[in-house]
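One structure below.
The values are calculated or read from the model by the stated rules, or taken from the named source; none is laboratory data. Quick caveat, the model's predicted, so the values are computed rather than measured. Positions of Cβ are backbone-derived with ideal geometry, glycine not excepted, and every protein chain shown enters the neighbour counts. Side chains included, ligands, DNA and RNA excluded: accessible areas come from the protein's heavy atoms. Shrake-Rupley method; radii C 1.70, N 1.55, O 1.52, S 1.80 Å.
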Amino acid sequence: MTLLLLVSSWNMAGLYSVYRAIKKKQLIFDEHFTAALCMVVTMTSSFFMGLFLKMVFPGWTLFAVLSGVFISWKFSSLLRSPAKMNGLYNGGMGGMMGTMLGAVVQNPALCKITAESAAEIEMLPLFVACLYAITLLLVRYSLRA
Amino acid sequence: MEALILPYLLFIDVLLYSVFFVYAFRKKKLIGIQLGMNISQVMGGTAALLSGIVLVLEFPFHFTLITVVSTITGILTGALFGLLFDYQTFLAGLTNGMIAGLMAPMIGSALDMPGQVVWLVHGIFFSCLVLIMIFIQRS
């Protein structure tokens, strides 16, 4: 759990730096880049936030979903109106799926997972955090270019 | 679902993916940016879905390992199809494959009647393939 907290605070700092970079350069993007960027960032970050908040606060499911919607709203309000709709949809979807994965990690019997593989399912949030960090690196690389 | 059929289905899927990749690589100049984005998303998502569901039905006792494998499959397929076109298509295919690959083994292990759902997912994959072929021919 301590490792998860460390990795997720690192990821939050990465997300904030991406937000700052988009806010600084928002006028020079074209249509296609805006739509792709909005979809990628909101989907992955709301998925990760839903999973992480469901792991830390197990009772607050609605809070985990709404935090995904909040992140996607903050990001998509920087961009233009068709991207706003895309971002809100993807953010809600990602938040719900992340919360679902968090619920399965806490109670593996929900998906009829056997006891042998239930022991190692604790590694799954760390794997998701590593993938999210790689995605944020790629997004930051595309923003610099 | 007989366990005999599943490896053959997986083999046929891998074959279809490689054939379609060569086809898309040859027609790369014809495909616009919008169609390219949709191709990379659909290919990454269906690859992750198929590998997750079929592998979980084949080996039900290795849930975490299969989640990792299907996520990496989705990421690689989406990224390969996306790299044909653009950096943004690459990012979109990568993340879509990642999310679908994390979800697919959960669907596979919660299934009640696995046979029908396996055929349904394969039907969706084949119809997506046929539709993409038609749109590439038209463009």
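Of all residues in segment B:99-116, those being out of contact with any Ser or Thr (no Cβ under 6 Å at 6 or more places or on another chain), within 11 Å of chain A (Cβ to nearest Cβ) and not in a loop (DSSP other than H, G, I, E, B) number 7.
Table: residues versus (1) modelled with pLDDT of 90 or more; (2) under 19 Å from A:G94 (Cα atoms); (3) within 11 Å of the chain's Cα centre (by Cα).
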{"residue": "B:S70", "(1), (2), (3)": "yes, yes, yes"}
{"residue": "B:I75", "(1), (2), (3)": "yes, yes, yes"}
{"residue": "B:G78", "(1), (2), (3)": "yes, yes, yes"}
{"residue": "B:Y87", "(1), (2), (3)": "no, no, no"}
{"residue": "B:M113", "(1), (2), (3)": "no, no, no"}
{"residue": "B:Q116", "(1), (2), (3)": "no, no, no"}
{"residue": "B:V121", "(1), (2), (3)": "no, no, yes"}
{"residue": "B:Q137", "(1), (2), (3)": "no, no, no"}
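The requirement of being in contact with a Pro (Cβ under 8 Å, 6 or more places away or on another chain), open to solvent by less than 30 Å² (accessible area, probe 1.4 Å) and touching a residue at least 12 places away in the same chain (Cβ under 8 Å) is fulfilled somewhere in segment B:94-114, by at least one residue.
When the residues of segment A:95-127 are narrowed to those that are open to solvent by less than 30 Å² (accessible area, probe 1.4 Å) and at the interface with another protein chain (Cβ under 7 Å from one of its Cβ atoms), which ends up nearest to the chain's Cα centre (by Cα)? Looking at the filtered set, the residue picked out is A:L101. Counting residues in segment A:78-94 that are in contact (Cβ under 8 Å) with a residue 40 or more places away in the chain, open to solvent by less than 70 Å² (accessible area, probe 1.4 Å), over 21 Å from B:I99 (Cβ atoms) and more than 13 Å from the chain's Cα centre (by Cα) gives one or more. Looking at A:S81, A:S45, just one residue is at pLDDT 90 or above and not β-branched (V, I, T), and that residue is A:S45.
The test for being modelled with pLDDT under 85 and open to solvent by 10 Å² or more (accessible area, probe 1.4 Å) does not hold for A:T61.
Of all the criteria given as (1) closer than 21 Å to A:S9 by Cα; (2) open to solvent by 10 Å² or more (accessible area, probe 1.4 Å); (3) not hydroxyl-bearing (S, T, Y), the one not satisfied by A:K24 is (1). Test A:L138 against the criterion of being more than 20 Å from B:M98 (Cβ to Cβ) and at the interface with chain B (Cβ under 9 Å from one of its Cβ atoms), and give yes or no. It is false that A:L138 is more than 20 Å from B:M98 (Cβ to Cβ) and at the interface with chain B (Cβ under 9 Å from one of its Cβ atoms).
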